[in-house]
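Notes follow once the structure below has been shown.
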Amino acid sequence: MLWAHDNNQEPASRWLWQSGRDAWTAFAPNQASALEQAWATGGGVVRIDAERQVRVDTSGVPMRQERVDNPGRSRAVKRENGGAQEGKRPRLTPAAPSATADADGGGGGGVS
């Protein structure tokens, strides 16, 4: 399967690392793109910068961000996709038409 990413568009899924007890921080768009590509191809280890890598797993094993020089030092990583749980693909449904889509005579109404 071919996976492509438009560098001008963020991935549909959100990738986050645990930055505190109940706090999560989003990865940068280019890092999230690399993580999503690994997810789409079954997982693996993704080097996200000079010091860190993420173990991406699609089987339900908890994902971790770890230091390259000390893999024992790590933190949790999670993937969110439109409210779907990690590891489950979301069901795609057509978007409902906006009630105000044609109110201005334009037909757009959506975010481009």
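So here's what we get for this one:
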{"quantity": "Spin-label model distance (nm) - Thr41 vs Glu80, 7 Å beyond Cα toward Cβ", "calculated": "2.7"}
{"quantity": "At most 10 other Cβ within 10 Å, DSSP loop - trypsin sites (Lys or Arg not before Pro), the stretch 13-58", "calculated": "Arg21"}
{"quantity": "Added length on full extension, which subtracts the Cα-Cα distance from 0.36 nm per residue, Ser19 to Val68", "calculated": "15.8 nm"}
{"quantity": "Whether the stretch 37-83 is rounded, prolate or oblate, judged on the alpha carbon gyration tensor where a/c under 1.5 counts as rounded", "calculated": "prolate"}
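We did not get these values from a lab; they are worked out from the coordinates using the rules stated. Remember, predicted model here, so these are calculated numbers, not experimental data. Positions of Cβ are generated from backbone atoms using ideal geometry, with glycine treated the same way; all protein chains shown enter the neighbour counts.
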